[in-house]
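Comments concern the structure below.
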Amino acid sequence: MTIDASQIRLVRESLPLVRARLVPASLDFYENLFAVAPELRQLFRSDLASQGMRFMSTLATIADLLDEEDELEDEAGDLARAHAGLGVRAPHFAPMGVALMVTLAETLGDAFTPELQAAWHSAYDHFSERMIRLGGFA
């Protein structure tokens, strides 16, 4: 999936709102993920607070790199290798995307317009497709 410049701008502009609510959003993400796919709980350690902070930090890094193809590819490759070793598989990316959209909707409220939702969806798909390809996920 491709992402255009206006979508990248929207994602980046929404990051301060997400960051302002970072701690609850990071924990909410995992609550939402396990509600959608409880079988994925076993892939995560018990300290979800620090895991969630890393996830949200990674989101910001990805947003910064969306229009830097080489750097984005490097980041996706690094994350793909790390996640493949943890047991992550290609089908796990779909519920992660759902949980991300639910979390962003809860976090941003009315600011999560259909246009912004489409932008985040494109950003997630743009990056996760790279991870899946580079990680050789089954």
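The values are calculated or read from the model by the stated rules, or taken from the named source; none is laboratory data. Predicted, not measured: the structure shown is a model, and the values here were computed from it. Every residue, glycine as well, gets a Cβ built from its backbone with ideal geometry; the counts of neighbours run over all protein chains shown. All accessible areas refer to the heavy atoms of the entire protein, side chains included, with ligands and DNA or RNA removed. Shrake-Rupley method; radii C 1.70, N 1.55, O 1.52, S 1.80 Å.
Quick notes
- The chain: DSSP helices with Cα axial extent of at least 30 Å and average Kyte-Doolittle hydropathy no lower than -1.0: 114-135
- Note on ARG19: accessible area is roughly 120 Å² with a 1.4 Å probe, heavy atoms of protein only.
- The alpha carbon centroids of region 73-138 and region 1-35 are separated by 10 Å.
- Accessible surface of the chain, 1.4 Å probe, proportion on carbon and sulfur as whole %: 56
- Sparse packing (at most 16 other Cβ atoms within 10 Å of the Cβ) combined with a DSSP loop state is found for the following trypsin sites (Lys or Arg not before Pro) in region 87-138: ARG89.
- Using the alpha carbons alone, the radius of gyration of the chain stands to its Kirkwood radius in an Rg to Rh ratio of 0.93.
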